[in-house]
1. May I ask you to verify whether residue 89 is over 26 Å from residue 166 (Cβ atoms) and within 16 Å of the ligand (Cβ to nearest atom)?
2. Yes or no: the range 1-11 includes at least one residue that is touching a residue at least 60 places away in the same chain (Cβ under 8 Å), in a loop (DSSP other than H, G, I, E, B), within 17 Å of the chain's Cα centre (by Cα) and surrounded by 18 or more Cβ atoms within 10 Å (Cβ to Cβ).
3. Do you know which residues across the range 71-125 are more than 13 Å from residue 50 (Cα to Cα), β-branched (Val, Ile, Thr), touching a strand residue (DSSP E or B) at 6+ places or on another chain (Cβ under 8 Å) and not in a loop (DSSP other than H, G, I, E, B)?
4. Name the pairs: first residue in the range 74-89 and under 15 Å from residue 61 (Cβ atoms) and touching a residue at least 24 places away in the same chain (Cβ under 8 Å), second residue of a type in the set (A, V, I, L, M, F, W, C) and within 6 Å of the ligand (Cβ to nearest atom), Cβ to Cβ under 6 Å, at least 6 apart or on different chains?
5. Which condition number does residue 102 fail, the rest of (1) without any contact (Cβ under 8 Å) to a residue 24 or more places away in the chain; (2) crowded, with 16+ Cβ neighbours inside 10 Å; (3) farther than 18 Å from residue 159 by Cα; (4) away from the ligand (no atom under 11 Å from the Cβ) being met?
6. Take the residues in the range 23-70 that are closer than 14 Å to residue 118 by Cβ, part of a helix (DSSP H, G or I) and of a type in the set (A, V, I, L, M), then tell me which one is farthest from the ligand (Cβ to nearest atom).
7. Looking only at the range 1-54, which residues are farther than 16 Å from residue 127 by Cβ and of a type in the set (Asp, Glu)?
8. Exactly one of these conditions fails for residue 111: (1) modelled with pLDDT under 95; (2) within 16 Å of the ligand (Cβ to nearest atom). Give me its number.
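The values are calculated or read from the model by the stated rules, or taken from the named source; none is laboratory data. Note that this is a predicted model, so its numbers are computed, not measured. Here the Cβ positions follow ideal geometry from the backbone for every residue, glycine too, while neighbour counts run over all protein chains shown.
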Amino acid sequence: MTWLIYNIYFPVILLAGKIFRIAPDKTELYLIKLNNRLRGQEKGKAGKILILTPRCLQNKDCRNNVVEDVTNCLKCGKCKVKDLLALSEKYQIKLAVATGGRLARQVLAETRADTVIAVACEKELASGIIDTYPVVVHAVLNQRPFGQCVNTDVKIEEVEQIIQGILK
Ligand code: SF4
């Protein structure tokens, strides 16, 4: 049943949205919410969980290469990479910063995580949820106080709540 939802129903919803010219954000958000309802109760082990966040969460002036290795973050506090790193250390789960969908999928394959807490915009989350099935994705919508793809933000409490729910 879940296979049908992720492989047929979700792509059809996105396609129908395009055909009927519904704002992409609306169909993507519907899909994200439905995914989170379906996946919300799934449990996992710390070693198999990956927090995945886009590069735009990093402060745009920061020169530390957190994409190559997130521990290059000096924890200055100018962006939420510091806080996600703190969560990853606290719960002993992996954290990666990716520059795009392709790198995100590569990181996922390398880490062999079966549960992802994905932070991104509607478009990236919706496509990631479909593309990575059967991996369990807990989708967290980012905040964009400065517009698309620059100095984005995330509610750390929301991410921590998800981690606690998965590990319960
Ligand atoms: S918290 Fe880390 S990634 Fe963010 S600006 Fe500071 S050093 Fe750079």
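1. no
2. No, every residue in the range 1-11 fails to be touching a residue at least 60 places away in the same chain (Cβ under 8 Å), in a loop (DSSP other than H, G, I, E, B), within 17 Å of the chain's Cα centre (by Cα) and surrounded by 18 or more Cβ atoms within 10 Å (Cβ to Cβ).
3. Correct list: 81 only.
4. As it stands, the answer is 81/66; 81/73, since those pairs meet every condition given.
5. Among (1) without any contact (Cβ under 8 Å) to a residue 24 or more places away in the chain; (2) crowded, with 16+ Cβ neighbours inside 10 Å; (3) farther than 18 Å from residue 159 by Cα; (4) away from the ligand (no atom under 11 Å from the Cβ), the lone unmet condition for residue 102 is (2).
6. Step by step, filter the range 23-70, then rank; the result is 31.
7. 42
8. (2)
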